[in-house]
Amino acid sequence: MPLKTAARGRISPFIVMEVMRAAAEREKSGADVLHMEVGQPGTGAPRGVIDAARAALCDHRLGYTVALGLPELRQAIARHYRDYYGVMVPAERVVVTTGSSGAFMLSFLSAFDPEDRVALAAPGYPCYRNILSALGIEPVSLMSTVEDRFQPTPALLDRARADAPIHGLIIASPSNPAGTMLDTAAFRILIDYCRRHDIRLISDEIYHGITYRGRADTAAAFSDDAIVINSFSKYFSMTGWRLGWMLVPADLMRAVESLAQNFFISPPTLSQIAAVAAFECHDELRANVARYAANREMLLRELPKAGFSELAPSDGAFYLYADVGHLTNDSEAFCRRILDEAGVAVTPGVDFDAARGNRFVRFSFAESTEDMEKAATALKAWRDG
Ligand SMILES: Cc1ncc(COP(=O)(O)O)c(C=O)c1O
């Protein structure tokens with residue numbers, strides 16, 4: 001008899017990783033690929049972080065840290081809230097995690113029980129849905145539209161609550177895949193909605209710092225009950241260092257600490273020591289954001305010439321989410337053709353919205369401006385061809 005395999009492990013793959021694999025195979029066969037699929041900065045960690053890591057490699061024993069993270073780093077993160085947002089956050093509420101991905105595990109496990117229902121916008125980052133499912137928590141998709149800026153609204157939440165209670169809401173502003181943001185009024189309305197209906201808000205703020213029309217609001221400015229999640233992976237350009245953080249409400253602190261001790265022991269020590277220096281590297285990091293802004297401007301001008309004219313308003317992050325319903329009703333096959341025939345790797349919308357993603361694709365513009373210009377030219381040539 002075959003050995004048992006668990007039903008909860010049977011979650012959807014993260015399709016963008018599969019696109020990355022197809023792109024890597026094409027590159028191995030000697031063909032070029034222009035990368036618009038990868039949701040990570042085209043740059044490495046800032047200089048100050050690398051210097052700090054080099055010194056730590058020589059001088060430090062690099063054992064475990066305490067589970068909640070290095071005290072110096074927790075303090076540096078708390079100072080970041082004061083300096084960047086003007087919000088006072090006690091360092092005791094800051095928990096350092098293994099990427100924001102580690103923070104999702106700790107949040108979902110501490111705040112929700114199996115069979116609880118957690119609402120989230122579709123389209124949205126696929127791992128929220130897939131991690132919730134693996135934990136036996138029900139993801140409830142809010143079918144947001146471009147008119148809602150692909151963000152949750154009270155009306156969508158009312159509809160979801162009409163079926164059964166909702167215990168949590170995940171928001172991301174700027175969002176992945178659309179890059180759209182909640183303005184302050186809309187953010188406050190959602191915070192208030194959650195308060196009135198006993199819904200735990202989880203605010204994924206991983207794209208903060210990469211915005212094109214003013215700064216994003218942090219949920220920490222409006223609520224001490226919200227779980228705030230952030231990461232060194234995007235603005236700080238430290239994707240592979242696997243480091244993130246969360247601001248934890250007082251009532252969840254003990255549970256998060258016990259879970260972190262048991263699941264992870266501690267986040268990576270070398271990364272934690274080096275990340276303290278990241279908050280001194282804003283000049284270099286702002287130059288990265290200026291490059292994203294230039295790429296975005298160029299693509300907003302050039303993609304419509306290649307037939308990709310239905311673009312969600314991209315307020316932040318490094319994505320453009322395009323409605324390609326006039327070109328295909330199978331975005332996976334469409335992306336495969338773009339890779340094979342134009343040599344450009346693009347992510348199909350089905351990764352982000354199982355129901356409607358077949359008519360959307362996501363362009364990431366995190367690589368160099370030169371590569372993004374080549375990609376725009378290749379897409380136009382392909383469409384003209
Ligand atoms: C919206 C969003 N949240 C979280 C993550 C995970 O990031 P990490 O675990 O590297 O912090 C990503 C990665 O692309 C993302 O797009």
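Looking at 93, 74, 54, 117, just one residue is more than 16 Å from the ligand (Cβ to nearest atom), modelled with pLDDT of 95 or more and within 16 Å of residue 279 (Cβ to Cβ), and that residue is 74. Which one is surrounded by the most Cβ atoms within 10 Å (Cβ to Cβ) among residues in region 241-257 that are within 16 Å of the ligand (Cβ to nearest atom) and not in a strand (DSSP E or B)? The extreme case among them is 243. Can we say residue 301 is within 30 Å of residue 236 (Cα to Cα), modelled with pLDDT of 95 or more and loosely packed, with under 15 Cβ neighbours inside 10 Å? Answer is yes for this residue. Within region 188-207, residues that are under 13 Å from residue 152 (Cα atoms) sit with their Cβ atoms under 6 Å from residues that are of a type in the set (Val, Ile, Thr) and within 11 Å of the ligand (Cβ to nearest atom), at 6+ positions apart or across chains, in these pairs: 202/170; 203/171. Note on region 201-240: residues that are assigned to a helix (DSSP H, G or I), more than 9 Å from the ligand (Cβ to nearest atom) and either of a type in the set (Asp, Glu) or surrounded by fewer than 24 Cβ atoms within 10 Å (Cβ to Cβ) (or both) amount to 2.
Exactly one residue out of 191, 170 is within 27 Å of residue 115 (Cα to Cα), aliphatic (A, V, I, L, M) and within 16 Å of the ligand (Cβ to nearest atom), and it is 170.
Residues are listed down the side, and each one gets a yes or a no for (1) closer than 25 Å to residue 174 by Cβ; (2) surrounded by fewer than 22 Cβ atoms within 10 Å (Cβ to Cβ); (3) touching a His at 6+ places or on another chain (Cβ under 9 Å):
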{"residue": "71", "(1), (2), (3)": "no, yes, no"}
{"residue": "97", "(1), (2), (3)": "yes, no, no"}
{"residue": "109", "(1), (2), (3)": "no, yes, no"}
{"residue": "123", "(1), (2), (3)": "yes, no, no"}
{"residue": "131", "(1), (2), (3)": "yes, yes, no"}
{"residue": "136", "(1), (2), (3)": "no, yes, no"}
{"residue": "141", "(1), (2), (3)": "yes, yes, no"}
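Starting from region 222-249, take each residue that is closer than 19 Å to residue 260 by Cα and among the polar types (S, T, N, Q) and list its partners that are more than 10 Å from the ligand (Cβ to nearest atom) and in a loop (DSSP other than H, G, I, E, B), counting only C-beta distances under 9 angstrom and pairs at least six apart or across chains. Pairs found: 230/208; 230/218.
Residues in region 38-46: is at least one surrounded by fewer than 22 Cβ atoms within 10 Å (Cβ to Cβ), more than 19 Å from residue 250 (Cα to Cα) and touching a His at 6+ places or on another chain (Cβ under 9 Å)? The answer is yes; a qualifying residue exists.
Yes/no per residue for (1) touching a residue at least 60 places away in the same chain (Cβ under 8 Å); (2) more than 23 Å from residue 210 (Cβ to Cβ):
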residue: 322; (1), (2): no, no
residue: 327; (1), (2): no, yes
residue: 335; (1), (2): yes, yes
residue: 344; (1), (2): yes, no
residue: 347; (1), (2): yes, no
residue: 351; (1), (2): yes, no
residue: 356; (1), (2): yes, yes
residue: 359; (1), (2): no, yes
residue: 362; (1), (2): yes, no
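Close contacts from region 258-284, counting a first residue that is surrounded by 18 or more Cβ atoms within 10 Å (Cβ to Cβ) and a second that is outside any helix (DSSP H, G or I) and at pLDDT below 95, with Cβ to Cβ under 8 Å and a gap of 6+ residues or different chains, come to 273/60.
The values are calculated or read from the model by the stated rules, or taken from the named source; none is laboratory data. Remember, it's a predicted structure, so these values are computed and weren't measured experimentally. Virtual Cβ from ideal backbone geometry, glycine too; neighbours counted across all protein chains shown.
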